[in-house]
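Everything below concerns the one structure shown next.
Laboratory data are not the source of any read-out in this text; all were calculated from the coordinates shown. Keep in mind the model is a prediction, meaning the values are calculated, not measured. As a convention, Cβ positions derive from the backbone with ideal geometry for all residues, glycine included, and neighbour counts pool all protein chains shown.
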Amino acid sequence: MKVFVASDIHGSSYYMKKLAEKIEEEKPEQIILLGDLYYHGPRNKFPKKYAPMKVAEILNHYKDKIKCVKGNCDAEVDQMISNFEIADFYEAGLFGKSFLFVHGHKLDTKNMPKKDFVFGGHTHVPVVIDYVDVCKYINPGSLSLPKGAYGPSYAVISDGKIEIKELKGKIIETINF
């Protein structure tokens, strides 16, 4: 099994098309979106080729594979153009490990949930933080508005490892489990 994780698309049809190419290349059985799908937010610049309805059209093509959590820029009306549920969080048992998927804007880093892995977006920076004896926190970065030293990125979970990858193909980090 392979799980594809992406966050912070922010309405960019340009980067959504690039992400769809990676989805076709990776061939995941499941796609998990960590929120901020369509709106760019009041503090962010417009992402390249801002077209939320086009993003929805592409995402809806994968509706049977998608699990999605709500980000701080997502609204109730976003559910109206999405043919998949947008939940507050998503918990899953994958590869014999416990996973929690959230957007990250409400995550309390002083009181992290006891899971093997917690995935969150929001900051637009790809990172892995080991909260010893609690969880390993993973942020796959942002698809359309990346911050920090890396370009647009996503993560792939497969049997035994998690990889954070740039759209251009560079592996940012590998976590073996």
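Structure above, values below:
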| read-out | value |
| --- | --- |
| Qualifying residue in the range 71-84 (condition: in contact with a strand residue (DSSP E or B) (Cβ under 7 Å, 6 or more places away or on another chain), buried (at least 16 other Cβ atoms within 10 Å of the Cβ) and assigned to a strand (DSSP E or B)) | no |
| Condition check for Ile164: part of a strand (DSSP E or B), touching a residue at least 24 places away in the same chain (Cβ under 8 Å) and closer than 24 Å to Asn44 by Cβ | yes |
| Strands (runs of 3 or more DSSP E) lying entirely in the range 120-161 (those with 3 or more residues that are among the β-branched types (Val, Ile, Thr) and either in contact (Cβ under 8 Å) with a residue 40 or more places away in the chain or in contact with a strand residue (DSSP E or B) (Cβ under 6 Å, 6 or more places away or on another chain) (or both)) | 127-131 |
| Condition check for Met80: in contact with a Phe, Trp or Tyr (Cβ under 8 Å, 6 or more places away or on another chain) and without any contact (Cβ under 8 Å) to a residue 60 or more places away in the chain | no |
| Residue check for Ser7: of a type in the set (Ser, Thr, Tyr), within 21 Å of Ile138 (Cβ to Cβ) and out of contact with any Lys or Arg (no Cβ under 7 Å at 6 or more places or on another chain) | yes |
| Residue in the range 89-100 that is surrounded by the most Cβ atoms within 10 Å (Cβ to Cβ), counting only those that are of a type in the set (Phe, Trp, Tyr) and not in a loop (DSSP other than H, G, I, E, B) | Phe99 |
| Residues that are in a helix (DSSP H, G or I), basic (Lys, Arg) and in contact with a strand residue (DSSP E or B) (Cβ under 7 Å, 6 or more places away or on another chain), drawn from the range 1-35 | Lys22 |
| Enumeration of residues in the range 45-67 that are under 18 Å from Lys27 (Cα atoms) and either in contact with a Lys or Arg (Cβ under 9 Å, 6 or more places away or on another chain) or not aliphatic (A, V, I, L, M) (or both) | Ile58, Asn60, His61, Tyr62, Lys63, Asp64, Lys65, Lys67 |
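Residues checked against (1) buried (at least 17 other Cβ atoms within 10 Å of the Cβ); (2) under 17 Å from the mean Cα position of the chain (by Cα); (3) of a type in the set (Gly, Ala, Ser):
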position	(1), (2), (3)
Val3	yes, yes, no
Ala6	yes, yes, yes
Ser13	yes, yes, yes
Ala20	no, yes, yes
Ala56	yes, yes, yes
Ala87	no, yes, yes
